[in-house]
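Read-outs: derived from the displayed coordinates by stated rules, not from any lab. Please read these numbers as outputs of a predicted model, since none were measured by experiment. Cβ placement follows ideal geometry from the backbone for every residue including glycine, while neighbour counts extend to all protein chains displayed.
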Amino acid sequence: MKSRSRNSAVGDGASVTKKKPGSRRLSLQKKRPFVSATFAMTVDGKITTRNFTPVDFTSREDKLHLFRQRAMADAVLVGHSTLKQDNVRLGLPQADLRKARVKRGQTSYPIRIIVSNEGKIDNRLNIFQSEISPVIIFSTRQMPAKYQQALREKATLHLTRAEHVDLRGMLRTLRDKYKVRTIACEGGPTLFRALLKRGLIDQLNLTIAPYLFGGAKAPTLTGLSREFLPASVHCSLIDMRVVGEECFLTYRIKHRRRHSK
């Protein structure tokens, strides 16, 4: 596959890079891990079909791209609905990526994190059938007792008395208790939107695939909500490359400064 820059009409094989994100420096400043989200979408902005079922519309290169992003992080984060639909282990099949992690001083596999407000998580999902890395679940006291009992045998539970998981508090716990500095968020759109609204996304890795799905009921990056975000989020392009018919974009999310009263 040939890589082309956005300014190249002759296909010179170059990619556009503006600035490397200072992930570790940023995480230290914010007292929380650096959070990078990775998504693939169609040309019209859809990330799946209206039924939210898994759909394979990206290339092998995009799948490798997802694994590379996962491999760079200390932990991989996913919402329960997405995990249930895809039923993945959140591992790293590529031995070279695991070796590179060990060389950087990381564990062979990233810690696996699940977020669920209701907590009705099936302990028979594939993620619980392998012990490649710890599984940590952030949920609420809404989680039924039978689920708590079954999941405690497979994962570490952090349950809050609140109605919803405190995402900012979750990130602080991951940093302070588990020494997590970088997180790869892999969806879904509801979790991504919740993190984005709270200013907890630092980078967006976005693959644009050459398809059009259409339909008002097919979710976009921020789900199906009819409401706008509380404020527009400014994304700054820091890298772009074209491989085959797909475009790989990397954005730094610009956070609004909080002014003291």
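Quick notes on this structure:
- Rg(Cα)/(2.2 N^0.38 Å) for the stretch 107-261, N = residue count: 1.20
- Distant alpha-carbon pairs in the stretch 177-243 (separation over 16 angstrom), percent: 60 percent
- Residues whose amide H lies under 5 Å from that of residue 238, counting only those 5 or more places away or on a different chain, are 250, 251, 252; hydrogens are built 1.01 Å from N in the peptide plane.
- Selection among 207, 228, 75 by position relative to the dipole of the stretch 3-254 gives 75 as farthest towards the positive end (Cβ unit charges, Cα centre).
- Each residue of the stretch 80-91 was assigned a 3J(HN,Hα) from its phi angle through the Karplus curve 6.51 cos²θ - 1.76 cosθ + 1.60 (θ = phi - 60°); the sequence is 4, 4, 5, 4, 5, 5, 8, 6, 9, 7, 6, x Hz, with glycine and proline shown as x.
- Restraint check, 31/177; 46/154; 31/254; 63/177; 84/254, Cα-Cα greater than 24 Å: 46/154; 63/177; 84/254
- Backbone geometry of the stretch 135-150 corresponds, through the Karplus equation with coefficients 6.51, -1.76 and 1.60 at θ = phi - 60°, to 3J(HN,Hα) couplings of 10, 10, 10, 10, 8, 10, 5, 5, 4, x, 4, 5, 6, 4, 4, 5 Hz, x marking Gly and Pro.
- Per-selection metrics, the stretch 3-254 (Cα): Rg and Dmax in Å: 18.1, 62
- Point-charge dipole on Cβ atoms (K/R +1, D/E -1) for the stretch 3-254, about Cα centre, debye to 20: 1040 debye
- Estimated distance in nm for a label pair at residue 61 and residue 126, the labels positioned 7 Å out from Cα along Cα-to-Cβ: 2.5 nm
- Per-residue HN-Hα couplings for the stretch 100-110 [Karplus 6.51, -1.76, 1.60; θ = phi - 60°; Hz; x = Gly/Pro]: 5, 4, 4, 5, 7, x, 9, 6, 4, 10, x
- Restricting attention to the stretch 3-254, close to 40% of DSSP beta bridges with both partner residues there are antiparallel.
- Amide proton proximity set for residue 155, modelled H, under 5 Å, gap of 5+: none
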